[in-house]
Amino acid sequence: MTTDSSTPRPPQQKRSRAAMERILGAAQELVAERGAAALTIADVAVRAEVAVGTIYSRFTGKDALLAAVQDRWLDQLIARHQANRTAVTATSADFQDTVARCVSGMIGTFRDHADLIREFALRNAAQPVQDNAALRKLHEVFTQLCDVVLAHPGRPDEIDRRRVALAMRAAQSILEWRVATPLAVAPDNDWDTLSQDLPRLAMNHLGGKAF
């Protein structure tokens, strides 16, 4: 997706800020439902219950609106990841549990954001990571999860950064494939199955005992 780098004019009044939030929320819902290519300003206006002119007073066009929607979604994605990371570091007792919780957090993120990950990250996967904001954020989340595993005091010495990165990357690659592949094509890889299998896969890659 090509996005417009123009920054929307920030709303100043409470009512105007509420209208902006409705516009962004409506556009995000429509992207998830129909895809970015099918999004129209008119449809966003109907969903947000605002005039078309209200949207154009804040955005130069569809690309600028999509760029703002992507930024909003990425903020939500990072906030969720930070909450998951805090929960893992606060409650995980042993090393296997930490690995399982990190992988489960990845699964939840991909499951709950599947449509938007597909639109904003995977459709542009051929782009260099530095040019794809969504992929860049997913890579940051991936790196931070590796850091959580590496920092665990019960981590065996032989499980180094390379092995942790391979294990977590294997799980992330399967999740990216799950998001990109219709369930009808691979019915045995639904989210419940992945929730059971991927923590075991990660431990196998680490060379540890499976759950």
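The values are calculated or read from the model by the stated rules, or taken from the named source; none is laboratory data. Note that the structure is predicted; figures quoted are calculated from it, not measured. Every residue, glycine among them, receives a Cβ derived from its backbone with ideal geometry; neighbour counts consider all protein chains shown.
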Breaking point among (1) modelled with pLDDT of 90 or more; (2) part of a helix (DSSP H, G or I), for ARG155: (2)
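Looking at this structure, is ASP97 of a type in the set (D, E, K, R), in the same structural domain as ARG178 (by TED's automatic domain parsing), surrounded by fewer than 16 Cβ atoms within 10 Å (Cβ to Cβ) and within 22 Å of SER173 (Cα to Cα)? Break it down into steps so the answer makes sense when it comes.
On the way: of a type in the set (D, E, K, R): yes; in the same structural domain as ARG178 (by TED's automatic domain parsing): yes; surrounded by fewer than 16 Cβ atoms within 10 Å (Cβ to Cβ): no; within 22 Å of SER173 (Cα to Cα): yes.
Criteria not met by ASP97.
Find the residue count for region 176-193, including only residues that are in contact with a Leu (Cβ under 7 Å, 6 or more places away or on another chain) and part of a helix (DSSP H, G or I). Before you say what the answer is, go through the steps one by one.
Our first condition is that a residue be in contact with a Leu (Cβ under 7 Å, 6 or more places away or on another chain); within region 176-193, this holds for 176, 178-180, 190.
From what's left, part of a helix (DSSP H, G or I): 176, 178-180.
Qualifying residue count for the region: 4.
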Subset tally (residues that are touching a residue at least 24 places away in the same chain (Cβ under 8 Å), more than 25 Å from GLN13 (Cβ to Cβ) and among the hydrophobic types (A, V, I, L, M, F, W, C)) for region 38-65: 1
Which numbered condition VAL103 fails, given (1) more than 16 Å from HIS152 (Cβ to Cβ); (2) β-branched (Val, Ile, Thr); (3) at pLDDT 90 or above: (1)
Selection from region 47-104 of residues that are in contact with a Gly (Cβ under 9 Å, 6 or more places away or on another chain), in a helix (DSSP H, G or I) and more than 27 Å from LEU135 (Cα to Cα): ARG47, ALA48, PHE95, GLN96
